[in-house]
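Readers should treat all values here as calculations from the given coordinates under stated rules, not as data from a laboratory. All figures in this text were calculated on a predicted structure; none of them were measured in a lab. Please note: Cβ atoms are built from the backbone with ideal geometry, for glycine as well, and neighbour counts cover all protein chains shown.
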Amino acid sequence: MKTNNFSLHNYPSTNYILTFWKESIGIATEMFWAELEKNHIDYKRSDELNFVLQKGRFRRVDIGIFANRDWQVIKDFGLN
């Protein structure tokens, strides 16, 4: 059986599908990216969490509102 290399970059619609995961902050989001990394699936994300931790502000209000709910847990995922 022949195996094919899988890359998220092979699919043009991937950018649209992953928009939520690329631009949000949350426990599920950080777990999603940790799983991609653990499985050696290389994909560049807009790292909103580390942006917040480094700059001390959110890029967008909606990201801050969403992140506020679980901030004490979420912030521990950042700056790896």
Problem - Label-to-label distance, nm, for residues given as Gln54 and Asp76 (7 Å Cα→Cβ offset) - result: 2.4
Exercise for the section: Indicate the gyration tensor shape class of the range 13-53 (rounded, prolate or oblate), computed on the Cα atoms with a ≥ b ≥ c the square roots of the eigenvalues: a/c under 1.5 is rounded; otherwise a/b larger than b/c is prolate and the rest oblate. Expected result: oblate
Completion exercise
Proxy exposure order for Leu49, Leu18 (fewest C-beta within 10 Å first) is Leu18, Leu49
Practice task
Rank the residues Ser24, Ser46 as a footprinting-exposure proxy: fewest other Cβ atoms within 10 Å of their Cβ go first.
Solution key: Ser46, Ser24
Problem - Asp47, Asp42 arranged by Cβ crowding within 10 Å, fewest neighbours leading - result: Asp42, Asp47
